[in-house]
Structure formats: structure tokens, C-alpha cells
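Inspection log for the structure reproduced underneath, given as C-alpha cells.
The values are calculated or read from the model by the stated rules, or taken from the named source; none is laboratory data. Quick caveat, the model's predicted, so the values are computed rather than measured. Cβ atoms come from the backbone with ideal geometry, glycine included; neighbour counts cover every protein chain shown. Areas reflect the complete protein model, heavy atoms only, side chains present, ligands, DNA and RNA absent. Shrake-Rupley method; radii C 1.70, N 1.55, O 1.52, S 1.80 Å.
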Amino acid sequence: MCHHALWSPPVDEDTHYQNGGAMPSKRRRVTQREIAELAGVSQTTVSVVLNDRDGSNVRVPEATRARVKQAIEQLTYVADPAARRLAGLDNQIIGIFTYEAALSPESMDFYGPLLNGIERAAERIGWDLLFFTSSPVENGTRSLFHRKTRLRLTDGCVLLGQQMVASELERLVAEQFPFVAIGRRDETAAAVPYVAIDYVTPTTALIDQAAAGGHRQALYVHRGRNTPAARDRRDAVEAASAEGRLAFLLVGEERIAELPRLARATEATLIIAEDAFLAEDVVHALLGAGIAVPDEMSVAALGEVCGHRIDGRAMAGFHVPRQQLAAEALDLLQLLITTDPQEWAGLETRRLLVAEVEPGDTIVTRTDVQS
């Protein structure tokens, strides 16, 4: 068998990959010979340590056992977690990586309950969390494979973010590193494990409720994002228009100031925003133009509306089961960590949860609109 030279100058794999180096299609297995050479012991000793994890059957000096495990740790920096677990090196640490800042006031509206759910789920299984913050936010996003990110200290990782880097997801899949993305990720050729929210079903239900309440013309205000969740919402809105259930004009968030004029021009009686924060901006624009909400113009959000109120009224929108989302993500991640990567293909690694519609008080029945 051919072996790599032990002391040849190391390649910074992260830099190599980011600079256009080919992504490995399959990780190279570390050999017992390499471990033995680095630890300064025989291959037989390495085999004994690997196959006698607790040291109860064969006597190997603790110092020797420690050297072998340290060598495995060094050589498995880019090796598979299964080898680390076999050697008793699993840390029972789960990494949390967010592609954008998660603790800002606006982000906490979503990430706060989600992180709380992850914390509770990790506590139940007795694992620790490592929140990655050393990779800087550049141009609105972080790189998971930044040289400062201590990814390999963990046994697996949960990824969060509106926009994720497809090449990094593909690399994790290729390296068979256990991870779970929060949010649907179908934009890569690789089979990315995820736990996500089905936004099509509640969006369709909320639109149908509005149509049943007499609304015929509406505006949909969106942020222009090309994420799976944003596309799901937009697709449901466009389907309602195409099927004649409720006619929509799509409006980018940069045109919020034009909403009063657009509403009058289209005779819209309802404005739906992509999320609750955007809905609040919509309300501000309407009130500034002297339009009463919801008596003259109904408003709703296609996102979590807990804590969002308009003049004391509960905003119509969704309740997203974020703690259940977190629990499912940790459950799936633990399943991947404890299953041989060769058997991952037989697992159900994509789970969808459905958000519930919150009718609220900001969509009023219209009796002045002709059918």
C-alpha cells in the first residue's frame, strides 16, 4: 500500500480549497502505520489501542495510549469522525455555526428561540455546544472553513443562516462530516441533511382565508432573496394568482414608500409581507399616508408573528415550531454522528415541519368588495 510521506510540508487544505483546489470526492483513510510512525510505537500497539478502547483487556502504559490517541487526533483533522469515535476521541461537542450574525436584535427574533431549543435538546442528550464566532462576517456572511473556525473540535455541526455557501455544504457532504442545516437546502447536487419549515402549506392556507373573507386584490412585499424558504413563499403567492384565488402584485421592499399609490392603483385591500419586520415597515408606510390598518388595509406576514402587534392587535401570520425544529435537528445530527457514514444513504436525512397559521386581528372581512 502506498503511504504519504509523514513529514512532507503540509497543505493548508482550507486555503487550497478556497483558492480553487479540487474538492476531495472521498476522504483518505488514515492508516495504522501513519499513526504508529507519528506516535513512535508499533502498529501492533496502535491496533491494541483501537480495539481495546477502555484499556481493560490489554495492558498498554497510559502514556503510550495517550501518545497513540494524540497521533490519531492530529491525523484525523481531515479524517472521518468514525475513526475518532473508534479511538474514544469523540468530544460530545456539537458545533453551532451561523452564516450571518445571529445575536443582533432583529436576528434574535428568529434565532433566539431556535438557539434556546438547541440548548435544551443538547442538555437532554448530555452534549456541549460550541458556538463558532472566530470566523469574521465579511460581506454579510461567514465562511465555515475559515482558518480560525475550530470545526474539527466538534463531533458534528448545526448550520444556520438565510444564505449558506453551497460549495461548503458540498464539501461537508464529500468529507462525510456529520452536520445538519436548519432550513431547506435543495440548491446543491449533494444530499444536504436538513430540518426545515414547510412554508407553502401555511402560505396557501392564509391566502385562502383572506380570499374567503372577501379579499380579491393584494400586494406581496418581499425582500428579493433567492433562498428556498423565500422561493416557497413566493411560489405559493404566484400560484394563488395564477389560479384566480387572490390576485397579487409582487413588490420589492425598496418600493415600500410606493405602497399607498400601488394599493390605490390595483384596488388592493390586503398587503402580505415576507416576514413580520417587513410587515411593520409596511404598516408604517400606510399610516404615514393616512391609511388606517387594518380597517382600510389588511396586513399579514408570512413568518413568525409572536410578539408583533399593530395598535394592540395581534398580527396575522405564522407560528413557527422553532423549538421542535431545534430538537429535530439535534436528533438527526446525533443519528448521523452515531451511524457509520457508509450507512447514511439509508437514513431519512431531510425533515419538514409545518408552521401554523395565526389568524390574528389584522385581516378584516371585506363586505365592500364585489365577488
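Quick notes
- Share of carbon and sulfur in the accessible area of the stretch 97-181 stands at 50%, probe radius 1.4 Å.
- Computed E for GLN74/THR338 - FRET, C-beta separation, R0 25 angstrom, nearest 0.05: 0.55
- Accessible surface, per residue, of the stretch 243-296 when the full set of protein chains is kept, probe 1.4 Å, Å²: 47
- Computed lengthening from ARG351 to ASP128, 0.36 nm per intervening residue step minus Cα-Cα distance: 77.9 nm
- Of the solvent-accessible surface of the stretch 200-333, computed with a 1.4 Å probe and all protein chains present, 48% belongs to carbon and sulfur.
- Kirkwood-type hydrodynamic radius, the stretch 239-371: 17.3 Å, calculated from all non-identical alpha-carbon pairs.
- Of the GluC sites (Glu not before Pro) in the stretch 191-294, the ones in a loop by DSSP (not H, G, I, E or B) with at most 12 other beta carbons within 10 Å are GLU243, GLU267.
- Stokes-Einstein D in µm²/s, Kirkwood radius over Cα pairs - the stretch 211-290 at 10 °C with 1.306 mPa s viscosity: 124
- Point-to-point label distance, ALA63-ASP295, nm (Cα→Cβ direction, 7 Å offset): 8.6
- Cut-off under 5 Å, modelled amide H: who pairs with GLU358 long-range: GLY317, PHE318, HIS319
- Cα-based convex hull, the stretch 137-221, per residue volume (Å³, whole number): 130
- Applying the Karplus relation 6.51 cos²θ - 1.76 cosθ + 1.60 with θ = phi - 60° to the stretch 263-270 yields 3J(HN,Hα) values of 5, 5, 5, 9, 6, 5, 10, 9 Hz, where x marks Gly and Pro.
- Taking every protein chain into account, the accessible area of the stretch 110-193 amounts to 42 square angstrom per residue (probe 1.4 Å).
- Computed lengthening from GLU267 to SER47, 0.36 nm per intervening residue step minus Cα-Cα distance: 71.5 nm
- Kirkwood-type hydrodynamic radius, the stretch 170-215: 13.0 Å, calculated from all non-identical alpha-carbon pairs.
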